[in-house]
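All remarks here apply to the structure that follows.
The values are calculated or read from the model by the stated rules, or taken from the named source; none is laboratory data. All figures in this text were calculated on a predicted structure; none of them were measured in a lab. Ideal geometry is used to build each Cβ from the backbone, glycine not excepted, and the neighbour counts take in all protein chains shown.
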Amino acid sequence: MAKPIVRFAPSPTGRLHVGNVRTALMNVLFAKAEEGMFILRIDDTDVARSTAEYEQGIKDDLSWLGVTWGKTFKQSERFGMYDEAADKLRAAGLLYPCYETSDELDRQRKLLRVAGKPPVYNRAALDLTDEQKTAYEAEGRTPHWRFKLSGGVVTWTDMVRGEQKIDVSSLSDPVLIRGDGSYLYTLPSVVDDIEAEITHVIRGEDHVTNSAAQIEVFQALSTHLPTFAHTPLLVGADGKSLSKRIGSLSMLELREQGIEPMSIASLLAKIGTSDAVEIRHSLEALASEFSFTKIGRAPARFDEKDLIALNAKLLHETAYEDVADRVPGDAAFWNIVRANIEKISDVDSWADIVLKPMSGEIADEDGDFCKTAAEFLPDTVLPETWSALITHLKTETGRKGKGLFMPLRLALTGQQHGPSMDDMLVLLGAEKAKARLRGDTA
Ligand code: GLU
């Protein structure tokens with residue numbers, strides 16, 4: 001296969017969320033797997049809603065995920081190209097002016113629905129005479145422009161969905177240019193895909209119908225036609241749409257919650273595929289396992305619990321060198337606490353327990369027991385000291401099980417759970433441990 005050229009084309013009208021990051025990843029991983037090029041296209045033709053801050057946010061989010069692009073450009077700098085393409089379509093009789101107001105169109109759709117017919121645009125504007133058009137314009141109406149679909153059947157072989165057949169006579173002629181002269185994404189996207197020689201358009205399956213119309217626009221403008229791949233949408237763990245919660249599933253939010261980029265990338269690359277959901281440590285590793293044939297047709301379930309579990313797993317496998325600049329303490333500390341954290345910020349509370357003065361919890365009935373423990377402790381604690389202490393206290397006091405070790409854990413750390421006490425005792429050191437066992441702040 002010739003080296004693919006793919007693109008991810010977000011609109012800078014918000015931050016990236018798990019849904020569009022999944023689309024980005026499908027493009028990135030396919031390009032990496034095939035040694036192709038990944039292009040970042042900024043779809044900012046809607047100048048009123050697009051902002052430079054969101055554009056930067058999108059770039060920051062992708063960079064944070066480890067994504068790099070071979071090229072980036074924005075549509076707002078290319079209106080000249082779109083105007084040329086629109087002229088070409090007009091000259092071919094494929095782009096026609098329409099003067100209906102949105103109220104009029106709404107009414108027409110309602111009438112069709114009541115009559116049990118699909119709400120397809122009636123193409124009345126095709127029959128307008130020049131005089132009628134002039135009269136509308138004299139009324140102050142500015143036309144929106146529709147692309148004239150062929151009325152035939154559009155077919156393509158989708159890399160995910162297989163053979164696709166769409167009867168475009170069941171679709172309304174798509175509006176390419178709004179009444180205010182601004183472009184919807186349909187035409188600019190095709191023009192850019194032709195110009196950038198995009199080989200594969202990889203996007204969510206909400207675009208399947210658009211693809212049928214866009215294929216006809218491609219054919220009207222060029223001989224270039226990319227291959228299409230439409231991936232199933234993401235749904236929540238309950239199978240319901242994520243659209244209402246999507247704001248809280250932005251990269252920004254997840255990042256602030258302490259989720260690591262490779263946890264997100266691993267989950268989004270694997271859900272909805274035949275592969276197991278497992279942590280991978282690089283996009284390259286994910287790319288080496290990527291294949292469209294592994295992507296199922298059912299919606300992919302996104303569960304935040306899986307994300308937390310993967311994040312914990314990733315941190316448990318992370319070497320100190322890779323987090324040294326983000327965590328307190330040293331390698332010994334990290335190696336002991338990492339198995340007990342889900343997010344990197346969880347390290348802080350363990351650092352506080354080990355490094356800051358505190359007194360643990362000692363119940364009245366455990367006071368003497370803990371003092372006995374303090375007396376037994378040698379001046380230097382080693383990894384084997386804890387089990388020696390436990391054996392000693394068992395014989396000495398007759399306590400066993402939870403009644404034996406839990407009062408010690410509580411006195412030393414103030415917590416019921418945590419890293420193994422063999423290690424914790426070494427991290428605390430003899431002096432601090434003895435003091436806390438006596439009930440002192442240390
Ligand atoms: N800006 C469009 C969107 O985000 C791009 C769709 C495409 O990939 O062609 O829906």
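Things worth noting here:
- Residue satisfying all of: in the stretch 251-267; part of a loop (DSSP other than H, G, I, E, B) and modelled with pLDDT under 95; farthest from the ligand (Cβ to nearest atom) among these: 258
- Residue 298 meets each of the listed conditions (1) assigned to a helix (DSSP H, G or I); (2) among the small types (Gly, Ala, Ser); (3) surrounded by fewer than 22 Cβ atoms within 10 Å (Cβ to Cβ) apart from (1).
- Members of the stretch 225-240 that are within 13 Å of the ligand (Cβ to nearest atom), among the aliphatic types (A, V, I, L, M) and modelled with pLDDT of 95 or more: 229
- One residue from 248, 243, 211, 222 being among the small types (Gly, Ala, Ser), at pLDDT below 95 and under 30 Å from residue 145 (Cβ atoms): 243
- Residue match in the stretch 40-61 (condition: out of contact with any Lys or Arg (no Cβ under 8 Å at 6 or more places or on another chain), at negative phi and assigned to a strand (DSSP E or B)): no
Table: residues versus (1) among the hydroxyl-bearing types (Ser, Thr, Tyr); (2) touching a residue at least 40 places away in the same chain (Cβ under 8 Å); (3) under 30 Å from residue 149 (Cα atoms).
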{"site": "51", "(1), (2), (3)": "yes, no, no"}
{"site": "62", "(1), (2), (3)": "no, yes, no"}
{"site": "67", "(1), (2), (3)": "no, yes, no"}
{"site": "80", "(1), (2), (3)": "no, no, yes"}
{"site": "83", "(1), (2), (3)": "no, no, yes"}
{"site": "94", "(1), (2), (3)": "no, yes, yes"}
{"site": "107", "(1), (2), (3)": "no, no, yes"}
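- Only listed residue being away from the ligand (no atom under 15 Å from the Cβ), outside any helix (DSSP H, G or I) and not charged (D, E, K, R), chosen from 66, 80, 14: 66
- Contact annotation: residue pairs with Cβ atoms under 8 Å, 6 or more positions apart or on different chains, pairing a residue in the stretch 187-206 that is closer than 21 Å to residue 86 by Cα and touching a residue at least 12 places away in the same chain (Cβ under 8 Å) with a partner that is of a type in the set (Lys, Arg) and away from the ligand (no atom under 11 Å from the Cβ), are 188/78; 191/78; 192/78; 196/71.
- For beta carbons closer than 6 Å, sequence separation of 6+ or different chains, a first residue in the stretch 147-169 that is in contact (Cβ under 8 Å) with a residue 60 or more places away in the chain and closer than 21 Å to residue 231 by Cα and a second that is surrounded by 12 or more Cβ atoms within 10 Å (Cβ to Cβ) and among the polar types (S, T, N, Q), the qualifying pairs are 156/164; 158/164; 160/231.
- Inter-residue pairs, beta-carbon under 8 Å, first in contact (Cβ under 8 Å) with a residue 12 or more places away in the chain and in the stretch 235-262, second of a type in the set (Val, Ile, Thr) and in a loop (DSSP other than H, G, I, E, B), 6+ apart: 258/344; 260/344; 262/279
- Residues in the stretch 22-42 that are within 12 Å of the ligand (Cβ to nearest atom) and either among the hydrophobic types (A, V, I, L, M, F, W, C) or over 18 Å from the mean Cα position of the chain (by Cα) (or both): 24, 26, 39, 40, 42.
- Pairs with Cβ under 7 Å, 6+ apart, first in the stretch 1-26 and free of Cβ contacts under 8 Å to residues at least 12 places away in the same chain, second away from the ligand (no atom under 13 Å from the Cβ) and charged (D, E, K, R): none
- Residue in the stretch 336-354 that is modelled with pLDDT under 95, in a loop (DSSP other than H, G, I, E, B) and at positive phi present: no
- Check on residue 57, within 16 Å of the ligand (Cβ to nearest atom), closer than 22 Å to residue 206 by Cα and under 16 Å from the mean Cα position of the chain (by Cα): no
- Any hit, the stretch 171-180, residues being under 24 Å from residue 102 (Cα atoms), touching an Asp or Glu at 6+ places or on another chain (Cβ under 7 Å) and within 16 Å of the ligand (Cβ to nearest atom): no
- Residues satisfying the stated conditions in the stretch 30-39, i.e. in a helix (DSSP H, G or I) and surrounded by fewer than 23 Cβ atoms within 10 Å (Cβ to Cβ): 30, 32, 33
- Positions within the stretch 349-398 being acidic (Asp, Glu) and either surrounded by fewer than 15 Cβ atoms within 10 Å (Cβ to Cβ) or touching a Cys at 6+ places or on another chain (Cβ under 6 Å) (or both), in sequence order: 352, 364, 365, 368, 375, 379, 384, 396
- The stretch 187-224, residues that are within 10 Å of the ligand (Cβ to nearest atom), of a type outside the set (Asp, Glu) and either surrounded by 21 or more Cβ atoms within 10 Å (Cβ to Cβ) or more than 24 Å from residue 32 (Cα to Cα) (or both): 188, 189, 190, 198, 201, 202, 203, 210, 211, 214
- Summed over the stretch 380-409, the residues that are of a type in the set (Val, Ile, Thr) and either in contact (Cβ under 8 Å) with a residue 24 or more places away in the chain or within 15 Å of residue 434 (Cβ to Cβ) (or both) give a count of 4.
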